[in-house]
1. Let a ≥ b ≥ c be the square roots of the eigenvalues of the Cα gyration tensor of the range 80-203; is it rounded (a/c under 1.5), or, if not, prolate (a/b larger than b/c) or oblate?
2. Please give the per residue volume of the convex hull enclosing the alpha carbon atoms of the range 45-104, rounded to a whole number of Å³.
3. First obtain the Kirkwood hydrodynamic radius of the range 1-105 from its Cα pairs, then insert it into the Stokes-Einstein equation at 37 °C and 0.692 mPa s, and state the resulting D in µm² per second as a whole number.
4. Take the Cα coordinates of the range 76-133, assign each an equal point scatterer, and use the Debye formula without solvent to give log10 I(q)/I(0) at q = 0.24, 0.25, 0.26 Å⁻¹.
5. Please order 22, 112 by the number of other Cβ within 10 Å, starting at the fewest.
6. Listing 283, 10 from the residue with the fewest other Cβ atoms within 10 Å to the one with the most, what is the order?
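What follows is calculated from the coordinates using simple rules that are stated; it is not laboratory data. Worth saying up front: this structure is predicted, and the values here are computed from it rather than measured. Using ideal geometry, Cβ is built from the backbone for each residue, glycine included, and neighbour counts are taken over all protein chains shown.
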């Protein structure tokens with residue numbers, strides 16, 4: 001076994017927490033049960049990794065085996081990466097129900113290797129999800145196994161989840177995806193998160209959230225909870241408290257919300273003034289700023305703002321529309337009077 005391969009396996013094992021070592025090695029299925037029993041798992045991480053490497057050398061492990069171990073580790077720790085969502089459109093095959101996974105893999109690899117031979121591609125299926133690991137190389141260097149791109153694709157859907165993709169590799173990967181999945185177009189959605197399952201919940205509409213437009217009803221018709229949401233807040237106006245609770249439920253519902261860590265808003269606006277404003281006079285470039293909201297669970301934090309007395313109800317649609325529009329990166333610009341259809345303005 002080559003030294004670089006042994007080192008790659010060693011580093012992969014070092015990343016595995018002790019509590020997950022047995023489960024990940026069993027899922028790898030490279031070692032027999034008897035071989036696993038020979039490992040001293042309570043030793044320091046370095047010694048444990050060296051024992052795994054020793055067994056791999058005895059069994060003549062290849063890059064295919066090492067890549068499978070890395071995929072299994074990343075699947076078990078998928079929230080350690082930031083995932084971007086891509087959406088494909090316009091199927092090129094009218095009979096999409098006849099999707100063949102083997103054909104997808106073949107066409108996917110063929111498309112990438114037509115551009116670059118120095119790339120390693122490995123697949124592993126987890127239920128209905130296909131995980132793809134791609135290590136990119138150049139004409140003058142071997143594939144970098146430490147900076148692999150991960151792709152998660154659910155067959156018969158137009159959505160793809162990608163982590164750690166360099167801009168230079170994006171066109172090649174996107175072309176391979178549309179060819180393999182038999183679509184004509186693909187574009188990156190403005191939706192990103194570390195929680196892969198939450199991204200899937202959003203694009204596959206697997207969460208129960210109404211996002212209704214608020215239409216006021218008489219207070220006596222509303223089913224409200226008289227309990228105080230936050231004991232630190234004293235409500236002198238019970239009717240106002242009931243209104244806030246009603247609005248919050250109408251907007252967010254009572255169920256669990258998808259987990260997102262941030263929402264980013266890029267604003268571009270022009271200065272307008274009738275009087276002379278010195279350095280601002282005749283300015284043609286727009287003013288730009290970025291507002292970013294961050295939290296370990298952003299949507300849950302937004303839902304708690306009004307009941308906690310931190311913000312007024314209803315909460316701005318700029319924040320509540322995130323799962324409904326399936327995006328958490330927004331660009332807000334002014335409407336173009338001459339060509340409104342081509343405007344990039346975000347109308348919420």
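1. Details: a/c = 1.64, a/b = 1.17, b/c = 1.40.
In terms of gyration-tensor shape, oblate.
2. On the way: hull volume 8.7 nm³, N = 60.
Convex hull of Cα atoms, per residue: 145 Å³.
3. Translational diffusion coefficient: 206 µm²/s.
4. -1.28, -1.29, -1.28
5. Values: 22 13, 112 22.
By the 10 Å Cβ count, ascending, the order reads 22, 112.
6. Numbers: 283 12, 10 16.
Going from least to most buried by this count: 283, 10.
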